[in-house]
Each structure stands twice: as structure tokens, then as C-alpha cells.
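Peer 1: Take this structure first; my questions come after.
The values are calculated or read from the model by the stated rules, or taken from the named source; none is laboratory data. Being a predicted model, the structure only gives us computed values, none of them experimental. No Cβ is skipped: glycine too gets one built from the backbone with ideal geometry, and neighbour counts run over all protein chains shown. These area figures cover heavy atoms from the full protein model, side chains too; ligands, DNA and RNA do not enter into them. Shrake-Rupley method; radii C 1.70, N 1.55, O 1.52, S 1.80 Å.
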Amino acid sequence: SMGLTVYGSVAYLSDTEKVVNTFTVGKVDITLDETKVDPEGNPIAGEDRVESNEYHLLPGHSYVKDPTVTVKAGSEESYVRMIVTLNKLSEITAIAALGGEDFLPENFVTGWNRDIWEPYATTKDETANTVTYEFRYHQTVNAKDATEDMVLEPLFRTIEIPGSITGDELATLADLEVVVNGHAIQTYSFANADEAWTAFDAQAAGTASASVADQQQNP
């Protein structure tokens, strides 16, 4: 199954859905959702956006997956980012080394909006067997005086399983997950985005005195 739960976490190609974590600082409120699709990854007309989807996974198949942050009306001017973490890094790398370059982590997730969501950092954790990508929205978002919620562009649009992958290779990815977290922090009192996200990370880790709203929803 692949799932996205409102507020922040996306679990793909996994039998276990992920708990959602959205951290907000100041008077900032965001949500994260995606298009409702059928098991083949095709959008279902007339359906509301959802927290999760279920998919049938097949080599050579493309699945619509468009994690989208919405900044709620009334939110202070803020910096917004998304953090994408993939597990099974060594297995993905092994498949890519055998000629499946399309299955490198940055390639099998496709339709990236990198002009809108600017790549900032990539971190590999060999112990956890994960790779994490940080994307920052290209400008601050100010919804303080907005009369409607501000829907930002999706981070990416599709997940594609390369046709060259074999059944045995696909089996090694049975618990593959792509986890997406959406974060927002007010711009007030910070000189720039780097300073703001440093403070945000410290608060999220519990090392700063200011509180962080940690909203969770269990599937």
C-alpha cells in the first residue's frame, strides 16, 4: 500500500501506514494531502483530496502522488519546507547499480517542482538505511490577511516503478516507504530561512524553550 496522512507523513509501498507529524511554530497552520486515486494510481473524478491511497504495485507503472501543502488563512508570514525520507537505500542503490538508474531515489519519484520547491540538502544515513531530501518553498508565504487558504504547488506529481525491475528486485523493496513531512515556521524575529530552520529543528528536538505544536493523527 501507499499512504499519505494529513499533516505530514506519506508512506509508500508499505503495508503499514505512518503516523503524521506536522510541526508549526507561531500562528501558522498547514495541512498536507493528495489526490484520491484508484489502485492503479489514476485520479478519481469528483473525489475530495485524501489522507491516504492504496495501490497495486507493478513494474513499469506510474502512480499519481502529489503531496501538497496548504497554508491556512490567517497564518503569519512563514517559511515552508518539505522533508522527504526514503528507506531501503541500500536495496535501491543495488538495483540502480545493475542498470536501473531510473530507480535511484531522486529519479523514481518524478515530476519534481524544483523551481518552486528548491532542493536544499541531501542526507544519507547508512545505519538507518535512509536518504533524506530537504526542499524549501521558493518564497515566504503570508496568509495573515488572506480570505481563503493558500494551496501551494505539489512537491512532486508521480511515483514510477521502472519497467526494467525484476520480480526478485521488487521483492527486496516490499517495505519501501517514502515519508513526507510538511513544516512551517513564522518569519518574524528571524534574519533568514537558515536561522529560522535551525531554531525550528532545535525546538522540534526539544532543545529550545519555545513550544512546538506537534499534531498527530493515527491512521
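Peer 1: Residue check, Ser164 against (1) assigned to a loop (DSSP other than H, G, I, E, B); (2) over 17 Å from the mean Cα position of the chain (by Cα); (3) modelled with pLDDT of 90 or more, all met but one. Which one?
Peer 2: (3)
Peer 1: Take the residues of the range 183-198 that are at pLDDT 90 or above and among the small types (Gly, Ala, Ser): which is farthest from Ala96 (Cα to Cα)?
Peer 2: Only one residue tops the list, namely Ala191.
Peer 1: Do the conditions hold for Glu76, that is, is it buried (at least 16 other Cβ atoms within 10 Å of the Cβ), of a type in the set (D, E, K, R), modelled with pLDDT under 75 and in a loop (DSSP other than H, G, I, E, B)?
Peer 2: Details: buried (at least 16 other Cβ atoms within 10 Å of the Cβ): yes; of a type in the set (D, E, K, R): yes; modelled with pLDDT under 75: no; in a loop (DSSP other than H, G, I, E, B): yes.
Here the answer is no, as Glu76 does not meet what is asked.
Peer 1: Could I ask something else about it? Looking at Val131, Val180, which is the one that is of a type outside the set (Lys, Arg) and out of contact with any helix residue (DSSP H, G or I) (no Cβ under 6 Å at 6 or more places or on another chain)?
Peer 2: Details: Val131 fails: out of contact with any helix residue (DSSP H, G or I) (no Cβ under 6 Å at 6 or more places or on another chain).
So the residue among Val131, Val180 that is of a type outside the set (Lys, Arg) and out of contact with any helix residue (DSSP H, G or I) (no Cβ under 6 Å at 6 or more places or on another chain) is Val180.
Peer 1: Now for a different question. Is there a residue in the range 96-116 that is over 19 Å from the mean Cα position of the chain (by Cα) and within 22 Å of Phe200 (Cα to Cα)?
Peer 2: Of the range 96-116, the ones over 19 Å from the mean Cα position of the chain (by Cα) are 96-102.
This time we only want the ones that are within 22 Å of Phe200 (Cα to Cα), so: none.
No, every residue in the range 96-116 fails to be over 19 Å from the mean Cα position of the chain (by Cα) and within 22 Å of Phe200 (Cα to Cα).
Peer 1: What do you reckon, is Thr132 modelled with pLDDT of 95 or more, within 22 Å of the chain's Cα centre (by Cα) and among the β-branched types (Val, Ile, Thr)?
Peer 2: When the stated conditions are applied, Thr132 does not pass them.
Peer 1: Which condition number does Lys124 fail, the rest of (1) touching an Asp or Glu at 6+ places or on another chain (Cβ under 9 Å); (2) open to solvent by 60 Å² or more (accessible area, probe 1.4 Å); (3) assigned to a strand (DSSP E or B) being met?
Peer 2: Every listed condition holds for Lys124 apart from (1).
Peer 1: Ok, one more. So, of the residues in the range 11-30 that are at pLDDT 80 or above and hydrophobic (A, V, I, L, M, F, W, C), which turns out to be farthest from Glu177 (Cα to Cα)? I'd like the intermediate steps shown before the answer.
Peer 2: Within the range 11-30, the first condition is being at pLDDT 80 or above, and the residues that meet it are 28-30.
Then keep just the ones that are hydrophobic (A, V, I, L, M, F, W, C); that gives 28, 30.
Values: Val28: 28, Ile30: 23 Å.
For the range 11-30, the residue satisfying everything is Val28.
Peer 1: Check off (1) open to solvent by 60 Å² or more (accessible area, probe 1.4 Å); (2) at pLDDT below 85 for Gln139 and give me the number that stays unchecked.
Peer 2: (2)
Peer 1: Residues Asp48, Asp33, Asp66: which one is open to solvent by 10 Å² or more (accessible area, probe 1.4 Å), closer than 30 Å to Thr147 by Cβ, at pLDDT 75 or above and not in a loop (DSSP other than H, G, I, E, B)?
Peer 2: Just one listed residue meets the conditions, Asp33.
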